[in-house]
Amino acid sequence: MSKNRIRELNDAFRRTFRGGRVMMTSGVYELPECVKAEALVQVTRFSEFTADNDPHDEHDFGSFDLVGRKFFWKIDYYDKDLVNGSEDPSDPERTTRVLTLMLAGEYCHCRDCQRFTGSAFVSAMRLPVDAVSVQGELKTVEVAGSSGQVIRRHFCPNCGSGIFGEPYRPGMINVMAGTLDDPSVFVPTAEVFCDYAFSWLYDRGERPHLPRGFG
């Protein structure tokens, strides 16, 4: 599997939106047409890849600010039936690329998040680590997430509350929305790992539901 080939295919797809599928979470879709159009332009023009936001050197993730909102885009690799992950992302004959444009908030239904919160899901905001300030001592555990990647969970040693998690992508953290000084700023834009969601959860279909994660 060639990392250089994967990067070339990702760049070509991101710049032209040909050779794959482009998705928007409902939070993005409900924005004014002019904002959505400019956000897509920002994706095609993105070039600020660094060791922090692109540790695998595949050009599969980026973020930018627009109209006072933080946007993320992420390319995931699926098989041609969009059921499982691609076995070889460097082979376009065996891979369907899916680029998702999203805002920062999400619900996660994976089993690890259910265990971590003791609830049905976790409400989290994915943010650059430099944008978050935490006061006080934290304890840390490492666990294997439902994605198969190692996640570092940080929690308060006094009350046991989960504060944030570090996914496998360096430079980004998932902040538990309930720990924010003003949790009302959290607005969920998508739900992930819905394969693990409890069947009794009430939902009106206002957010996209992904069977697994964004990647």
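The values are calculated or read from the model by the stated rules, or taken from the named source; none is laboratory data. In this text the structure is predicted, and so the values were computed from the model without any measurement. When we count neighbours, we look across all protein chains shown, and the Cβ atoms used for this are built from the backbone with ideal geometry, even at glycine.
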- Task: Could you figure out which of (1) crowded, with 18+ Cβ neighbours inside 10 Å; (2) in the same structural domain as residue 152 (by TED's automatic domain parsing) isn't true of residue 89?
- Result: (2)
- Task: Determine, yes or no, whether residue 91 is at positive phi and part of a loop (DSSP other than H, G, I, E, B).
- Result: no
- Among residues of the stretch 57-80, those that are exposed (fewer than 14 other Cβ atoms within 10 Å of the Cβ) and modelled with pLDDT under 85, counted: 1
- Query: Among the candidates 65, 57, 52, which residue alone is out of contact with any Gly (no Cβ under 8 Å at 6 or more places or on another chain) and either assigned to a loop (DSSP other than H, G, I, E, B) or closer than 28 Å to residue 89 by Cα (or both)?
  - Reply: 57
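Are any residues in the stretch 40-56 of a type in the set (Asp, Glu), under 17 Å from the mean Cα position of the chain (by Cα) and surrounded by fewer than 17 Cβ atoms within 10 Å (Cβ to Cβ), and if so, which ones?
Correct list: 52 only.
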- Query: Just to be sure, is residue 81 part of a loop (DSSP other than H, G, I, E, B) and either touching a Lys or Arg at 6+ places or on another chain (Cβ under 6 Å) or in the same structural domain as residue 16 (by TED's automatic domain parsing) (or both)?
  - Reply: yes
- Query: Give me the pairs: first residue in the stretch 25-54 and closer than 19 Å to residue 13 by Cα, second residue in a helix (DSSP H, G or I), beta-carbon distance under 7 Å, and six or more apart or on different chains, which are they?
  - Reply: 36/28; 39/28; 43/14; 44/14; 44/15
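Mind checking which residues of the stretch 1-24 are without any contact (Cβ under 8 Å) to a residue 12 or more places away in the chain and not in a loop (DSSP other than H, G, I, E, B)?
Passing the criteria: 4, 8, 12.
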- If only one of 177, 144, 124, 197 is out of contact with any Leu (no Cβ under 7 Å at 6 or more places or on another chain), modelled with pLDDT under 75 and not aromatic (Phe, Trp, Tyr), which one is it? 144
